[in-house]
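Since every read-out is calculated from the coordinates, none of them should be taken as a lab result. In this text the structure is predicted, and so the values were computed from the model without any measurement. With ideal geometry, Cβ positions are generated from the backbone for all residues, glycine too; neighbour counts draw on all protein chains shown.
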Amino acid sequence: MEKKLNSNLNKNLKKNENSNRKHEEKICPNCLRIFECKVGSIQLCQCTKVELTRSESEYLASQYNDCLCFQCMEALAFEYRMTRRLLELPWEL
């Protein structure tokens with residue numbers, strides 16, 4: 001009986017350890033805000049709130065090595081879109 005209880009306790013501890021690995025607090029490398037990354041449940045992660053084109057996603061990935069908070073993702077994607085539009089304007093005098 002005691003072995004079974006210990007076995008169940010160990011299973012529960014391992015399950016809790018694994019679930020803690022799925023969600024972790026991160027610091028946004030852009031604004032230094034603390035946010036929760038839910039890489040283990042990506043459909044629940046805050047980053048899925050931001051719709052990025054492939055080029056926007058590639059740009060952000062080239063600038064940062066880690067996750068960004070969704071506020072920075074939105075702001076940096078907007079800046080990227082505006083910069084591209086400005087560069088496409090015919091700047092004739």
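Structure notes:
- Contour minus Cα-Cα distance for residue 61 and residue 89 (0.36 nm per residue): 7.5 nm
- Radius 14 Å from Cβ of residue 30, net charge of other residues (Lys, Arg +1; Asp, Glu -1): -1
- Relative contact order (%) - criterion: Cα under 8 Å, at least six apart; region: the range 23-87: 31 percent
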